[in-house]
Amino acid sequence: MEIPPWVERALARLEDAGFSAYVVGGCVRDALMGVRPRDWDVTTSALPSQTNELFADERVLETGLRHGTVTLLFPEGPIEVTTFRTDGVYRDGRHPESVQFVGSIEEDLARRDFTMNALAFNSRTGLIDPFGGQHDICDTMIRAVGEPNERLQEDALRIMRALRFSACLGFEIDENLAAALHKNRDLLTRVAPERFCAELLHMLVGPFVLSVLLAYPDVLAVLIPEIARTVGHDQKTPYHRYDIWEHIAHAVAAGKADARVRLALLFHDLGKPDCFFVDEEGRGHFYGHDVRGEEIARARLTALRFSNALVEDVSVAVRSHQASLRPENVLRWLSDLGEDRLRLLIDVKRGDTAAHSDDVAEKGRANLALIENRLDELIAQQACFALRDLAVNGDDLKAMGIPEGKEIGAFLAYLLDAVIEGELNNNREELLAAVKLR
Ligand code: ATP
Ligand code: MG
């Protein structure tokens, strides 16, 4: 296993001072898998104050002294150094009541969530792997350290971490852990929304999210209850090959690996069960499910404390996902949504389309390519689609004697509309002449 020299130097400094020190957790897992770790964590027998002292010549952040964590800020990157510890009782299923420093690396590894994360390494001792983590990594298996129900009851965030790792790494979830995820799912309501959301987004953009969505809708439904009624809901239409939840899952997985796109796809059809009706020929329809979907997205995302910007972007995409985009009306949609949200909508429609029956998917794909080309063209031409792009402004109209306020606003809106419809060209003389005529 390879450790970068600057991390190696930090371990050596701790060991030279008589402490034991290891790289630990996710970084060991990633390195064993040949993936470059996102961050390096070190665990040591040194107390935080001792680590602090040893690295007095470096920039040190006292990130979580109470939990025994100190962050060393090296020019090459940060290293989180945590003292060997166990977690005390989790009375609220959320935060350990207390942490206790312990003497051995094995005790520290025992508090960690999954066997693949309960690994430590240094060049002197080699790999420390008391729970068979390396074997489980080779087996691509996520297994709890210890009894899964107990471990999830200590910290319910582990439920989402299991789903997230499965979606990101493509690992299977061991049978006992899987049963415990279903059984303990209601504990997710105790998890702080920010922590749940971070894991949810991470999971959604994972390359293997499809099988996780198909297998765990009941878990996600704890915080997004509208998911429950989509599971097994036959759509009774030739346009679809899947039930509603399967369609949603395939759409998410087919969508671009971007948080907003996949979140919008997760919500896009959640309004369907409320809008379902079957016509005389036995065909299913879902009129208004886009509007209902927007309500659901707005309510749930707000409750989960996503940022206002994200709630707004995703809700608008859900509301618009049925829009009939054609090369002729791209300018109109560009004007209504702005470039960023129109590109988001195109990506959402790509995922949605891919999860329909084959011929619908084929046509949809081709059409969206045309739409995107047209949009690129309009942007390159610096087409006029917003008031700020008009060749006249409020001052021009005021100079013509139009009273300030509402009336100027209405005139400008009229001009923009006429330009977008192709009734007027966006040049100053033509626009001013049109104002005079009105
Ligand atoms: P990532 O690739 O997202 O960084 P990671 O496994 O490194 O994955 P971190 O949140 O960085 O996750 O945590 C580092 C290590 O701390 C984990 O590998 C695991 O050993 C331990 N850990 C983190 N969160 C928990 C938890 N909720 N319960 C038990 N152990 C945890
Ligand atoms: Mg990590």
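The values are calculated or read from the model by the stated rules, or taken from the named source; none is laboratory data. Remember, it's a predicted structure, so these values are computed and weren't measured experimentally. Counting neighbours? That spans all protein chains shown, and the Cβs are built from the backbone with ideal geometry, glycine included.
In table form, for the structure just shown:
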| item | result |
| --- | --- |
| Among residues of the range 67-77, those that are within 16 Å of ligand 1 (Cβ to nearest atom) and loosely packed, with under 15 Cβ neighbours inside 10 Å, counted | 1 |
| Flag if Leu266 is touching a helix residue (DSSP H, G or I) at 6+ places or on another chain (Cβ under 7 Å), at pLDDT 95 or above and either closer than 19 Å to Leu310 by Cβ or buried (at least 24 other Cβ atoms within 10 Å of the Cβ) (or both) | yes |
| Some residue of the range 199-216 being more than 16 Å from ligand 2 (Cβ to nearest atom) and among the acidic types (Asp, Glu) | no |
| Matching residues in the range 345-373 - criterion: being among the basic types (Lys, Arg) and over 18 Å from Asp290 (Cβ atoms) | Lys363, Arg365 |
| Residues satisfying the stated conditions in the range 17-31, i.e. touching a helix residue (DSSP H, G or I) at 6+ places or on another chain (Cβ under 9 Å) and surrounded by fewer than 22 Cβ atoms within 10 Å (Cβ to Cβ) | Ala17, Phe19, Ser20, Gly26 |
| Matching option when the condition is farther than 26 Å from Arg305 by Cα and within 16 Å of ligand 2 (Cβ to nearest atom), among Leu169, Leu177, Leu127, Leu157 | Leu169 |
| Residue count, the range 316-343 (criterion: in contact (Cβ under 8 Å) with a residue 40 or more places away in the chain and either among the small types (Gly, Ala, Ser) or under 23 Å from Glu194 (Cβ atoms) (or both)) | 4 |
| Candidates Asp41, Asp57, Asp30 - the one that is farther than 12 Å from Met1 by Cα, within 15 Å of ligand 2 (Cβ to nearest atom) and assigned by TED's automatic domain parsing to the domain that holds Phe114 | Asp41 |
| Members of the range 130-140 found to be more than 16 Å from ligand 2 (Cβ to nearest atom) and surrounded by 13 or more Cβ atoms within 10 Å (Cβ to Cβ), listed by number | Pro130, Phe131, Gly132, Gln134, His135, Asp136, Asp139, Thr140 |
| Residue selected from the range 23-35 under the condition within 20 Å of Arg112 (Cβ to Cβ) and part of a loop (DSSP other than H, G, I, E, B), by the criterion farthest from ligand 1 (Cβ to nearest atom) | Met33 |
| Qualifying positions in the range 401-438 - modelled with pLDDT under 90, surrounded by 12 or more Cβ atoms within 10 Å (Cβ to Cβ) and not in a helix (DSSP H, G or I) | Ile402 |
| Residues being assigned to a helix (DSSP H, G or I) and under 14 Å from Ser357 (Cα atoms) - total across the range 232-282 | 7 |
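Here is a yes/no grid of residues against (1) within 20 Å of Val7 (Cβ to Cβ); (2) touching a helix residue (DSSP H, G or I) at 6+ places or on another chain (Cβ under 8 Å); (3) in a strand (DSSP E or B); (4) not assigned by TED's automatic domain parsing to the domain that holds Ala17:
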{"site": "Gln50", "(1), (2), (3), (4)": "yes, no, no, no"}
{"site": "Leu72", "(1), (2), (3), (4)": "yes, yes, yes, no"}
{"site": "Glu80", "(1), (2), (3), (4)": "yes, no, yes, no"}
{"site": "Gln100", "(1), (2), (3), (4)": "no, no, yes, no"}
{"site": "Phe121", "(1), (2), (3), (4)": "yes, yes, yes, no"}
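Yes/no per residue for (1) in contact (Cβ under 8 Å) with a residue 12 or more places away in the chain; (2) within 16 Å of ligand 1 (Cβ to nearest atom); (3) within 26 Å of the chain's Cα centre (by Cα):
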position: Val7; (1), (2), (3): yes, yes, no
position: Asp16; (1), (2), (3): no, no, no
position: Ala21; (1), (2), (3): yes, yes, no
position: Pro37; (1), (2), (3): no, yes, yes
position: Leu47; (1), (2), (3): yes, no, no
position: Asn52; (1), (2), (3): yes, no, no
position: Arg59; (1), (2), (3): yes, no, no
position: Thr63; (1), (2), (3): yes, yes, yes
